[in-house]
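K.L.:
Could you have a look at this structure, given as structure tokens, before my questions?
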Amino acid sequence: MPNVFAFAEARGGQLRKVALEAVTAARTLADAAGGEVHALLVGAPGIGEKAEQLGAYGADVVIVIEHAGFGNYNAEAAAAAAAERIKSGGYRAALFSASAQGRDLAPRVAAKLGVPMAADVTSFEPSGDLIVARHPGYTGKVIFTVTLAASPAVISLRPGAVAAAEHRKAARVETAQPVGDPSAARVIVTEMVQGSSAKLDLGEAPVIVAGGRGLRAAENFKLVEDLASAFGNAAVGATRAVTDDGWRPHSDQIGQTGRLVSPDLYVAVGISGAIQHLAGMRTSKTIVAINKDKEAPIFKIADYGIVGDVFEIVPALTEAVREAKKHH
Amino acid sequence: MKIAVCIKRVPDMEARFKIGADGASVDEAGLKFDMSDFDGYAVEVALQLNEKSGGGETTVISLGPDVVQETLRKAMSMGADRAVHLKADKIPFDSFAIARALAAELKVGAYDLILFGRMAVDSANQSTGPMVAELLGLPVVTAASKLDIANGTGTARRELEGAAEIVTFPLPAVVTIDEGIARPRLPSLKGIMGAKKKPLESKPAQLGEPRIAVKSMELPPERTGGRIVGEGAAAVPELVRLLQTEAKVL
């Protein structure tokens, strides 16, 4: 069974970046054994148009299930469809994303299949008949290396851990029917609430500018937003102290109990670097810290630090980044 | 309502961890333990729901060696009515093995609502709750940041990336609880005294053979950061130069 299954996550009729990451990772694993990548795409009628894009990232087969009951995330029907396909397909591994949706979906599918799973995996590879996977725990302070003996190996991949890479295949598209009636699910999404700063998601943005208590007041987050917009490809994050105080929505929180992120560049503005915050961002590729206290723990993990007044430094940096972007 | 809350005993995450002699565990010497953060929120939610309805019973359940009874006592000192200890030599990493043992206990309890924390902060698998729900055939909502129950129907909010969804579901159901929903109360002295007399039942956990094994554990490489570029706005040009030429992110 050299074939690999990937669940292609979509929201609002669009593929999410994590779907391409899952297909990319499945491609690598399938190539190691000379197998195929089969991607499952479920959504409202019209979602099938996205199948070609999955082919561009390495899917040999895209199984499309269209149904009006898949307009919003429909966990029960998606899990039933994925479990049935995985059972009948005899896959070596089944890959999901460790996104909000995938972390909900993958354990349901694993339980339906009667197998354990490796969650929030940052890297994995075959080792004989087993799959060896790495997974950060203890708020990112310890890395587990686990071996999965079950078949199929169910894995959810941490967003951003695998870079989506094009690997063009003319994917064969199969249409399939849902298992049961998706409209009869017991858990029903009655409303979608769009985030206030949802232009770029924290999990998908290559740059994150995050603010802490050092900004002193909610309205001073304007500095952080301006710097983010100067980068153009940045999302805005916050510390737990800031979201607890209601300066920013809870969904902006980066840390042990919030979002875990690893962007190419993380700019920490007025953030001292509490353990709970570092747990959410310490795997960022490059970290910049701006803080008035030169003893702040954030400077111990920052690649580049500037000590001083954020109200003076951040506007100057915003201007300099804007200039730098102009010349590119 | 009859509410069950499944809780896990975990080390304090503020600690500096060391890897144990076997290379596949955390050295527990000197570590402080408590219930996992999110489980504390789940216990609080259960207590508030039953206080609001003016009745019901909150049962806390934990799997592991005898020391997890301390964690169960703590939950009872917060206000839970009774506890079940599923005895095992150690807490396995395999969420599905744990889910099966919990499901075997939960299915005989006729609970209206089964709560979990969104994840245990040590193993961070975030899988046990939804696996239990599948095994019991119950509806499940994961990572709820708000939860209301009225007339046998639940309404919950789930935070997504850059959005949130509002869901409704029928009881009985499983819900896993996110942070921010309710601050866990501190046990009162009266609560602590009272907890000693509350029923705690201990029985063997029905753990099967784990099929996911921890091969090794490592500390992540230390970041060798700590370079101060300069002070004040005068350091900005040098920072930008480094971001362009060295880090190549600008």
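Taken together, the values in this text are just the output of simple stated rules run on the coordinates, not laboratory data. Because the structure is a prediction, the values reported are computed rather than measured. Don't worry about glycine lacking a Cβ; one is built from the backbone with ideal geometry, like all the others, and counts go over all protein chains shown.
K.L.:
Cα-based Rg of segment A:94-238 per 2.2 N^0.38 Å, rounded to two decimals? Working shown, then result.
P.N.:
Details: Rg = 19.8 Å, N = 145, 2.2 N^0.38 = 14.6 Å.
After normalising by residue count via 2.2 N^0.38 Å, the value is 1.36.
K.L.:
Here's a follow-up. Points 7 angstrom from Cα along the Cβ direction at B:Asp148 and A:Arg172: gap in nanometres?
P.N.:
Between B:Asp148 and A:Arg172, the label points sit 5.1 nm apart.
K.L.:
If all Cα-Cα distances of segment B:25-133 are sorted into 5 Å bins from 0 onward, what percent lands in each bin, rounded to whole numbers?
P.N.:
2, 11, 21, 27, 22, 11, 4, 2, 0
K.L.:
OK, next. Angle check, please: helix B:68-78 long axis (alpha carbons) against the longest principal axis of chain B (alpha carbons), in degrees 0 to 90, nearest 10.
P.N.:
80
K.L.:
Just want the ordering: A:Arg248, B:Arg158, A:Arg322, B:Arg100, from fewest to most Cβ atoms lying within 10 Å of their own Cβ.
P.N.:
Numbers: A:Arg248 22, B:Arg158 25, A:Arg322 15, B:Arg100 19.
Sorted ascending by nearby Cβ count, the order is A:Arg322, B:Arg100, A:Arg248, B:Arg158.
K.L.:
Same structure, new question: Once the piece of chain linking B:Ser216 and B:Ile228 is laid out straight, how much longer is it, given 0.36 nm per residue of separation minus the C-alpha distance between them? Can you show the working numbers first?
P.N.:
Numbers: separation 12, 0.36 × 12 = 4.32 nm, distance 3.53 nm.
Stretched fully, the B:Ser216-B:Ile228 segment lengthens by 0.8 nm.
K.L.:
Cα axis of helix B:236-245 to longest principal axis of chain B: angle in degrees, 0 to 90, nearest 10?
P.N.:
Roughly 90 degrees, rounded to the nearest 10.
K.L.:
Determine the shape class of the protein assembly as shown: with a ≥ b ≥ c the square roots of the Cα gyration tensor eigenvalues, call it rounded for a/c under 1.5, and otherwise prolate if a/b is greater than b/c, oblate otherwise. Can you show the working numbers first?
P.N.:
Working: a/c = 1.56, a/b = 1.16, b/c = 1.35.
Taking the square roots of the gyration eigenvalues as a ≥ b ≥ c, the protein assembly as shown is oblate.
K.L.:
At what distance in angstrom do the alpha carbon centres of segment B:179-244 and segment A:253-313 lie from each other?
P.N.:
Taking the Cα centre of each part, segment B:179-244 and segment A:253-313 sit 17 Å apart.
K.L.:
Moving on. At q = 0.13 Å⁻¹, what base-10 log of I(q)/I(0) does the Debye formula yield for segment B:176-250 when every alpha carbon is treated as an equal point scatterer in vacuo?
P.N.:
-0.86
K.L.:
Would you please calculate the Kirkwood hydrodynamic radius of segment A:61-152 over all C-alpha pairs and express it in Å, rounded to one decimal? Numbers along the way, then the final one.
P.N.:
Values: mean 1/r = 0.0693 Å⁻¹.
About 14.4 Å, per the Kirkwood formula over Cα pairs.
K.L.:
Next question. Among A:Glu219, A:Glu191, which comes first, second and so on when ranked by fewest other beta-carbon atoms within 10 Å?
P.N.:
Working: A:Glu219 9, A:Glu191 12.
So the residues, fewest neighbours to most, are A:Glu219, A:Glu191.
K.L.:
While we're looking at this one, here's another question. Which angle between 0 and 90 degrees, to the nearest 10, do you get for helix B:95-106 versus the longest principal axis of chain B when only C-alpha atoms count?
P.N.:
That works out to roughly 20 degrees.
K.L.:
Which percent, to the nearest 5, of DSSP beta bridges fully inside the protein assembly as shown are antiparallel? If you can, show how the numbers build up before the last one.
P.N.:
Numbers: 44 of 121 bridges.
Around 35 percent antiparallel, to the nearest 5.
K.L.:
Next question. ³J(HN,Hα) across segment A:164-176 via Karplus (A = 6.51, B = -1.76, C = 1.60, θ = phi - 60°), whole Hz, x for Gly/Pro?
P.N.:
4, 10, 5, 7, 5, 10, 7, 5, 7, 9, 10, 9, 9
K.L.:
Sort A:His135, A:His327 so the one with the fewest other Cβ atoms within 10 Å of its own Cβ comes first. Each step should come with its number before you reach the end.
P.N.:
Details: A:His135 25, A:His327 6.
In order of increasing Cβ crowding within 10 Å: A:His327, A:His135.
K.L.:
Provide the FRET efficiency to the nearest 0.05 for the A:Thr190-B:Met193 pair, computing r from the beta carbons and using R0 = 56 Å. Let's see the in-between values first.
P.N.:
Details: r = 44 Å, r/R0 = 0.79.
Efficiency computed from Cβ-Cβ geometry: 0.80.
K.L.:
What Kirkwood radius, in Å to one decimal, follows from the Cα pairs of segment A:1-41?
P.N.:
On the way: mean 1/r = 0.0975 Å⁻¹.
Mean inverse Cα-Cα distance, inverted, gives 10.3 Å.
K.L.:
Also, I was wondering about something else. For segment A:1-131, what is the Kirkwood estimate of the hydrodynamic radius, computed as the reciprocal of the mean inverse distance between distinct Cα atoms, to one decimal in Å?
P.N.:
Details: mean 1/r = 0.0690 Å⁻¹.
Result for segment A:1-131, one decimal place: 14.5 Å.
K.L.:
How much FRET efficiency would the formula 1/(1 + (r/R0)^6) give for B:Gln244 and A:Lys285, where r is the Cβ-Cβ distance and R0 is 22 Å, rounded to 0.05?
P.N.:
Details: r = 15 Å, r/R0 = 0.68.
Result of the calculation: an efficiency of 0.90.
K.L.:
If you consider only alpha-carbon coordinates, what radius of gyration and Dmax does segment A:255-328 have, in Å?
P.N.:
Just the Cα atoms of segment A:255-328 yield Rg and Dmax of 12.9, 39 Å.
K.L.:
Which number do you get for Rg(Cα) / (2.2 N^0.38 Å) in chain A?
P.N.:
On the way: Rg = 21.1 Å, N = 328, 2.2 N^0.38 = 19.9 Å.
Its radius of gyration relative to the 2.2 N^0.38 Å reference: 1.06.
K.L.:
Where both residues lie in segment B:1-150, what percent of DSSP beta bridges are antiparallel, nearest 5?
P.N.:
Numbers: 4 of 19 bridges.
Antiparallel: roughly 20 percent of the beta bridges in segment B:1-150.
K.L.:
I'd like to know how segment A:154-299 sits against the 2.2 N^0.38 Å rule of thumb: what's its Cα Rg over that expected value? Write down the numbers at each step before the final one.
P.N.:
Working: Rg = 18.8 Å, N = 146, 2.2 N^0.38 = 14.6 Å.
It is 1.28.
K.L.:
Now for a separate question. Any idea what the relative contact order of chain A is, in percent, if you count C-alpha pairs under 8 Å spaced at least 6 apart? Working shown, then result.
P.N.:
Working: 754 pairs, mean separation 46.7, N = 328.
The value is 14 percent.
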